[in-house]
Amino acid sequence: MDLFQTILERRSVRRYTGETIGQDLLEKLLDAARWAPNGSNNNAWRFIVVTSPVQKQLLLQFTPGVDDMPAAIIAICIEPKQRRVKEAARLLHMADAAIAAENMALVAHALGLGSCIVVSFASLALRTLLNLPEEISPYVLLTLGYPAEAPEPPPRLPIAEIAFLDEYGKEWPA
């Protein structure tokens, strides 16, 4: 599948068929994540793949952003290299984790899977359920499964409304 076409067609899927995802596909997603660009090659991300029905059910109790039981949930966490991280490094780690999540979402779509990046969860409960050490912070969740829906594309603003040429306010050429 063409990459740009994948970007245009990928949607946030919130309803799944219930079919399980094989470990080979999960590993492809993790491979896509680990090849995402990341500042200074810090690899500060950590991925917890949750497939246990009991563990998923527990997670969903503290994740209002998930409407349906996915086949898998990947918790994308950040493990900074230093104990005290400067604000710039913290923001960089967050950007790196977001890029890894998007890589996985795009590859999931290319593999026929649906996904949704979720930020609404109870952090403390998630930390406890996933047994996260103190220095590791949950950042986003990626729900995965075979899609039971095909959401319509949401409207997007025209490029001329979101981009400027050379400086803010200077119109993008039509």
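What FRET efficiency would be calculated for the residue pair VAL54, ARG15, taking the C-beta separation as r and a Förster radius of 25 Å, to the nearest 0.05? Could the numbers behind the result be given before it?
Working: r = 21 Å, r/R0 = 0.86.
Rounded to the nearest 0.05, the efficiency is 0.70.
Over the Cα atoms of region 1-81, each weighted equally, I'd like the Debye log10 I(q)/I(0) at q = 0.17, 0.27 Å⁻¹, rounded to two decimals.
Per q value, in the given order, log10 I(q)/I(0) is -0.91, -1.32.
Based on DSSP loop calls and a cut-off of at most 16 other Cβ atoms within 10 Å, the longest stretch of the chain free of exposed GluC sites (Glu not before Pro) is what?
Values: sites that count: GLU19, GLU134, GLU135, GLU149, GLU167.
By the stated rule (loop sites, at most 16 other Cβ atoms within 10 Å), 20-133.
Whose amide H sits under 5 Å from the amide H of TYR139, counting only residues 5 or more places off or on another chain, with H placed in the peptide plane?
For TYR139, the qualifying residues are ILE76, CYS77, ILE78.
Straight distance only, please: which aspartates and glutamates reach the Cα of LYS28 with their own Cα at less than 13 Å, same-chain residues fewer than 8 apart left out?
Candidates past the 8-residue exclusion: nothing left.
By Kyte-Doolittle mean hydropathy of at least -1.0 and Cα axial length of at least 20 Å, which whole DSSP H helices of the chain are selected? It would help to have the intermediate numbers written out before the result.
Details: long enough: 87-110 (35 Å, 0.71).
Answer set is 87-110.
Looking at ALA160, VAL66, LEU3, which one has the Cα that reaches farthest to the positive end of the dipole of the chain (charges on Cβ: Lys, Arg +1; Asp, Glu -1)?
Positive-most Cα among the choices belongs to VAL66.
When the accessible area of region 44-174 is computed with all protein chains present and a 1.4 Å probe, what percentage of it is carbon and sulfur?
Details: 4380 of 7550 Å².
Answer for region 44-174 is 58 percent, counting heavy atoms of protein chains only.
From a point 7 Å beyond the Cα of LYS86 in the direction of its Cβ, which residues of region 25-61 have a backbone N at a distance under 11 Å?
Backbone N within reach: none found.
Taking a cut-off of 18 Å between Cα atoms, list the lysines near LYS170, but don't count ones fewer than 8 places away on the same chain.
none
Given that just one value was derived from the coordinates, which of (i) 36; (ii) 28; (iii) 41 is percent of Cα pairs over 26 Å apart?
Correct label is (i).
Using a Förster distance of 25 angstrom, determine the FRET efficiency expected from the C-beta separation of ILE7 and MET69, and round it to 0.05. All intermediate terms of the calculation are to be shown ahead of the outcome.
Details: r = 27 Å, r/R0 = 1.09.
So the FRET efficiency works out to roughly 0.40.
Note down the nm distance, to one decimal, between modelled labels 7 Å out along Cα→Cβ at ASN131 and at GLU27.
Distance between the two pseudo-spin positions: 2.3 nm.
The values are calculated or read from the model by the stated rules, or taken from the named source; none is laboratory data. Source: prediction; values computed, not measured. Because the Cβ atoms are built from the backbone with ideal geometry, glycine has one as well, and the counts that use them run over all protein chains shown. When the accessible area is computed, the model is the full protein with side chains, heavy atoms only, and any ligands, DNA or RNA have been set aside. Shrake-Rupley method; radii C 1.70, N 1.55, O 1.52, S 1.80 Å.
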